[in-house]
Amino acid sequence: MQLVQPSAPLATIAEIARFDGQTVTVRGWLYNLRESGKLLFPIFRDGSGLIQGVAHKSGVSAEVFEAMKGLTQESSVEVIGRVRADQRAVGGFELDVEQITVLQRVPESDPYPITPKEHGVEFLMEHRHLWVRSTRQAAILRIRAEIMRAAQEYFDSNGFTRTDPPILTPAACEGTSTLFPVDYFGEEAFLTQSGQLYIEATALALGKVYSFGPTFRAEKSKTRRHLTEFWMIEPEVAFCDLDGLMELAENFIAHIAQSVLARRAADLTAIGRDPEKLRAIQAPFPRLSYDEAAAMLQQAYKDGLVEQPFEYGNDFGSPDETWLSSQFDRPVMVHRYPADVKAFYMQPDPANDKYALCVDVLAPEGYGEIIGGSQRVDSYDLLKRRIEAHNLPIEAFQWYLDLRRYGSVPHSGFGMGIERVVAWLCGLDHVRETIPFARTLNRIFP
Ligand code: 4AD
Ligand code: MG
């Protein structure tokens, strides 16, 4: 196949308004075709949007009419036509087709497997490489891209330097049970589950840093929130305490939500998400201590609002987070969990060292945890004791201990999972649709 210089200027469907009244070339695929006697109504998609074409048998050459008549779904095409504003059309414009070149016609004998009829989720996941072409999935991916762009923009324009931690690592960060081992030239290494330990080092070099990349968790959880491979963005800030971290988290999330609202409202509407839900996502966010949240859960159980009793001292389970987060119209920040249920690197609360100076941000509407973070232990002795108490290999952490040996300072950071945020902002009930190719407990295909 060869691309030839089109005889009319190229236009994307997203920008078609600029070409009203003009003849343009649109390159894309046939999304759908309605035939009504001498009239054909093909709908084209080009990745940026949909536009309906119109062709009357008497208005085009016999060749063009025949090429389009009976054209199969997802055939690739180059269409030349005149853009005409039409209030009733999807997107406000129609294309009066003049010419069409079919680049590849999908054979009738082997039709595109995803039809407008309903398909089961398993079938769609099995055909994910094609499913991403649907308007809904494409809209979700554009919103995902905007979330990632806005997240980076927030840090880039607030004095942070992006530093990329390694993906192949010699040791655990969030505990050993969920690591994917890799054979590293005869030695055991692991895929990273968080860049945190490494960006603590770069934070002490550069002050304010962030990392952004894929992370891996061999979690045997089959929930709507868990992927085995997901994208995490993590800031780490020197001379920052828990209060400073919570302020950063709320401003960061508000910026992302407002950017999606400002730039992707049409996509939100297209997937059935009311953009107005995002307008309330403004700082400050409500803050609850773990004790306050636990008391709320216990009361809710007494009132028959939740099914499971909450046992004080435990970490919150998904149903607990779901209920807590559905009590607010914006994310809620739960801070100071019992140190025992949290990671070894969290700084104890000076007011009561049974608690850790940590925060989880729970998204509203029952979406649960989107951010986990903390102030970090800054004392060499305490960190060493913690590593030993958690039975972690001390040799592997010598470099990490160095950060407390040479110019230690209070510092804090968090990690935010992109897919959880996509699910929440898009109002999806499962993270599998939030990433182009989801990796879950029982899926590594396609
Ligand atoms: O709470 P987590 O485990 O925190 C850390 O990894 C810290 N080291 C981050 C830091 O302080 N720099 O994970 C952070 C976030 C969660 O809040 C969630 O949004 C996401 O990562 N996440 C997952 N997303 C999808 N699937 C999974 N299996 C996830 N596990 C965590
Ligand atoms: Mg967490």
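Some notes on this structure:
- Enumeration of residues in the range 364-404 that are closer than 30 Å to Cys426 by Cα and either within 14 Å of ligand 1 (Cβ to nearest atom) or surrounded by 14 or more Cβ atoms within 10 Å (Cβ to Cβ) (or both): Pro364, Gly366, Tyr367, Gly368, Glu369, Ile370, Ile371, Gly372, Gly373, Ser374
- Residues that are under 17 Å from Ala257 (Cβ atoms) and modelled with pLDDT of 95 or more within the range 365-383 comprise Glu369, Ile370, Ile371, listed in sequence order.
- Val260 being under 26 Å from Asp340 (Cα atoms) and of a type in the set (A, V, I, L, M, F, W, C): no
- Hey, Lys342 of a type in the set (D, E, K, R) and within 15 Å of ligand 2 (Cβ to nearest atom) or not: yes
- Residue in the range 209-217 that is open to solvent by less than 30 Å² (accessible area, probe 1.4 Å), within 16 Å of ligand 2 (Cβ to nearest atom) and among the polar types (S, T, N, Q) present: yes
Every residue, every condition in (1) surrounded by 15 or more Cβ atoms within 10 Å (Cβ to Cβ); (2) touching a helix residue (DSSP H, G or I) at 6+ places or on another chain (Cβ under 8 Å), yes or no:
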residue	(1), (2)
Gln99	yes, yes
Gln104	no, no
Pro107	no, no
Ser134	yes, no
Tyr154	yes, yes
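- Helices (runs of 4 or more DSSP H) contained in the range 379-446 and holding at least 1 residues of a type in the set (S, T, N, Q) and over 12 Å from Arg225 (Cα atoms): 398-405
- From the list Tyr312, Tyr355, the lone residue that is more than 15 Å from ligand 1 (Cβ to nearest atom) and in contact with a Lys or Arg (Cβ under 6 Å, 6 or more places away or on another chain) is Tyr355.
- Flag if Asp183 is open to solvent by 60 Å² or more (accessible area, probe 1.4 Å), within 27 Å of Phe252 (Cα to Cα), free of Cβ contacts under 8 Å to residues at least 60 places away in the same chain and not basic (Lys, Arg): no
- Top-ranked residue in the range 405-430 [being surrounded by fewer than 22 Cβ atoms within 10 Å (Cβ to Cβ) and among the hydrophobic types (A, V, I, L, M, F, W, C); ranked as nearest to ligand 2 (Cβ to nearest atom)]: Leu428
- Checked against the criterion of being at pLDDT below 95, over 30 Å from Tyr400 (Cβ atoms) and buried (at least 23 other Cβ atoms within 10 Å of the Cβ), the range 239-261 has no qualifying residue.
- Test: residue in the range 1-12 that is within 23 Å of Ile140 (Cα to Cα), under 38 Å from the mean Cα position of the chain (by Cα) and not in a loop (DSSP other than H, G, I, E, B): no
- Taking first residues from the range 143-163 that are in contact (Cβ under 8 Å) with a residue 12 or more places away in the chain and aromatic (Phe, Trp, Tyr) and partners that are open to solvent by 20 Å² or more (accessible area, probe 1.4 Å) and assigned to a helix (DSSP H, G or I), the Cβ contacts under 9 Å between residues at least 6 apart in sequence or on separate chains come to Tyr154/Asn251; Tyr154/His255; Phe160/Tyr154; Phe160/Leu206.
- Residues located in the range 28-77, provided they are within 18 Å of Ile13 (Cβ to Cβ), open to solvent by 20 Å² or more (accessible area, probe 1.4 Å) and acidic (Asp, Glu): Asp46
- Yes/no for Ser289 being surrounded by 14 or more Cβ atoms within 10 Å (Cβ to Cβ), over 23 Å from the mean Cα position of the chain (by Cα) and modelled with pLDDT of 95 or more: yes
The values are calculated or read from the model by the stated rules, or taken from the named source; none is laboratory data. The structure presented is a predicted model; accordingly, all values stated were derived computationally and were not measured. Cβ sites come from the backbone with ideal geometry, for glycine too, and all protein chains shown count toward neighbours. All accessible areas refer to the heavy atoms of the entire protein, side chains included, with ligands and DNA or RNA removed. Shrake-Rupley method; radii C 1.70, N 1.55, O 1.52, S 1.80 Å.
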